[in-house]
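Participant: If you scroll down you'll find the structure; I have some questions about it.
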Amino acid sequence: MNQKILGCLLGAAVGDAMGSATETKSTRQIEKTFGGRVEEFKEPPMDTMARGRRAGQVTDAFSIPYILTEHLLNADGKRQRNWDRRRCWNGEKQNTLNHLQE
């Protein structure tokens, strides 16, 4: 199961990083900017929300599946109503990717 979860997170990260350079662009704009289909990591242009990021770098959008996975792992797969979101940011949490690789 851990390998499946890790695969899902990897897919979300790759999709986020691949799409960051083309987010909100039409097919015509993508062709004009990149010369055709984007099939590898590209540095997001200055007219995108991910501007300033390196090619292949995830955006803040990846934090949603990452934090949700962290929460579900810490809660033994059960949703908790009164979950303390601050735990994700104050250094107390276990690294999800390391946990899944064990």
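The values are calculated or read from the model by the stated rules, or taken from the named source; none is laboratory data. Just so you know, these numbers come straight off a predicted model, no measurement behind them. Note that each Cβ is placed from the backbone with ideal geometry, even for glycine, and that neighbours are counted across all protein chains shown.
Participant: Say we look at the stretch 12-37 and pick out the residues that are out of contact with any Phe, Trp or Tyr (no Cβ under 8 Å at 6 or more places or on another chain) and within 29 Å of residue 69 (Cα to Cα); which of these is surrounded by the fewest Cβ atoms within 10 Å (Cβ to Cβ)? Talk me through it step by step, then tell me what you get.
Facilitator: Initially, the stretch 12-37 is screened for residues out of contact with any Phe, Trp or Tyr (no Cβ under 8 Å at 6 or more places or on another chain), giving 14-15, 19-20, 23-37.
Going one step further and asking which of them are within 29 Å of residue 69 (Cα to Cα), we end up with 14-15, 19-20, 23-24.
Numbers: 14: 14, 15: 14, 19: 17, 20: 25, 23: 13, 24: 9.
Looking at the filtered set, the residue picked out is 24.
Participant: For residue 30, indicate whether it is outside any loop (DSSP other than H, G, I, E, B), over 18 Å from residue 10 (Cα atoms), at pLDDT 75 or above and of a type outside the set (Phe, Trp, Tyr).
Facilitator: Details: outside any loop (DSSP other than H, G, I, E, B): yes; over 18 Å from residue 10 (Cα atoms): yes; at pLDDT 75 or above: yes; of a type outside the set (Phe, Trp, Tyr): yes.
Answer is yes for this residue.
Participant: Test of understanding: among 100, 9, which residue is at pLDDT 80 or above and surrounded by 15 or more Cβ atoms within 10 Å (Cβ to Cβ)? Show your work before the answer.
Facilitator: Details: 100 fails: at pLDDT 80 or above.
None of the others qualify; the one that does is 9.
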